[in-house]
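Student: Attaching a single structure in structure tokens format; questions to follow.
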Amino acid sequence: MKKIILLLAVIAIVSCKSEPKDYVTLSGKLKTPGVEKLTVQGRDFTKEIFVNADGTFSDTLKVTNGVHAISNGDDRITLFLKNGYDLNLEFKGERLDAGVSYKGEGAETNNFMENKRGFYMSDNANPKSYFTLDKAAFDAKLAAAKLELQGYKDKAKNLDSLIVAMDARNDEMFFGYIESNYESMHETLTRLAKGKASPVFVNYENFKGGKTSLADLKGKYVYMDIWATWCAPCKAEIPFLKAL
């Protein structure tokens, strides 16, 4: 009898054990006033999440694991959603793309993605900021950028394998472009940098229909007016240019 009771107790415990969730729970609070709904989009997936008057929202979504977007009009962020995640989003400003921090199940992967987004939105991801440097400064900036990104990886020990693969490709493409194009782009950008001698030109047609060479301008004041054909205020300045 005792064995039967024990067996029934074990069965009851097992049956009460919670099954893995096959959906994502998203919650958070917007700092943007007047928003009534957010749109979540992924591969073959779209759902609207309704926002309460106080800016809070909460909903469940059954998704295909992968990168999704949450948007409010043209304001959007990307995040990684996987069934079983329970994510709380804390926005840093009135715009979604001002930044977000994540808490809960799935936070590690998404905070990693947010750190990477911050890097690629910064000057560190502007190729020109590398190409204008001399070789020593270029090498130092490149090493610092790689160290920063490695630091984000070191903090995120349990990244989803999909993000690991995607992230490796992105970094490889970015740094590959920077390193393979440094010499040619550095020469191009520094040759025309402020304070450098102008490239020589000979017998270019001038506004009177004659010919002008760089040597003709040596020792003279040169007035340069650069304008667009569609710019009415620019055209309005032409009489003053002629008077000059």
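Student: Restrict the check to region 105-120 and report whether at least one residue is in contact with a helix residue (DSSP H, G or I) (Cβ under 9 Å, 6 or more places away or on another chain), among the small types (Gly, Ala, Ser) and under 21 Å from residue 170 (Cα atoms).
Tutor: No, region 105-120 contains no residue that is in contact with a helix residue (DSSP H, G or I) (Cβ under 9 Å, 6 or more places away or on another chain), among the small types (Gly, Ala, Ser) and under 21 Å from residue 170 (Cα atoms).
Student: Failed condition for residue 66, given (1) farther than 17 Å from residue 110 by Cβ; (2) touching a residue at least 40 places away in the same chain (Cβ under 8 Å); (3) within 21 Å of the chain's Cα centre (by Cα), with all others met?
Tutor: Status for residue 66: all satisfied but (1).
Student: Looking at 57, 80, 119, 112, which one is part of a strand (DSSP E or B), surrounded by 15 or more Cβ atoms within 10 Å (Cβ to Cβ) and within 16 Å of the chain's Cα centre (by Cα)?
Tutor: Matching residue, one of 57, 80, 119, 112: 80.
Student: Under the condition of being hydroxyl-bearing (Ser, Thr, Tyr) and more than 18 Å from the chain's Cα centre (by Cα), which residue from region 140-186 is surrounded by the most Cβ atoms within 10 Å (Cβ to Cβ)?
Tutor: In this case the residue turns out to be 182.
Student: Any residue that is assigned to a helix (DSSP H, G or I) and modelled with pLDDT under 85 - is there at least one of those in region 216-235?
Tutor: yes
Student: With respect to the numbered conditions (1) at pLDDT 95 or above; (2) of a type outside the set (D, E, K, R); (3) under 28 Å from residue 161 (Cα atoms); (4) in contact with a Ser or Thr (Cβ under 8 Å, 6 or more places away or on another chain), which one is the sole condition not fulfilled by residue 102?
Tutor: Condition (4) is where residue 102 drops out.
Student: Then there is this: Which numbered condition trips up residue 180, out of (1) at pLDDT below 95; (2) more than 30 Å from residue 79 (Cα to Cα)?
Tutor: (1)
Student: Additional query: Please work out which one of (1) within 25 Å of residue 152 (Cβ to Cβ); (2) touching a residue at least 12 places away in the same chain (Cβ under 8 Å) is the condition residue 98 fails and give its number.
Tutor: So residue 98 meets the others, but not (2).
The values are calculated or read from the model by the stated rules, or taken from the named source; none is laboratory data. The structure presented is a predicted model; accordingly, all values stated were derived computationally and were not measured. So basically every Cβ, Gly included, is an ideal-geometry build from the backbone, and we count neighbours across all protein chains shown.
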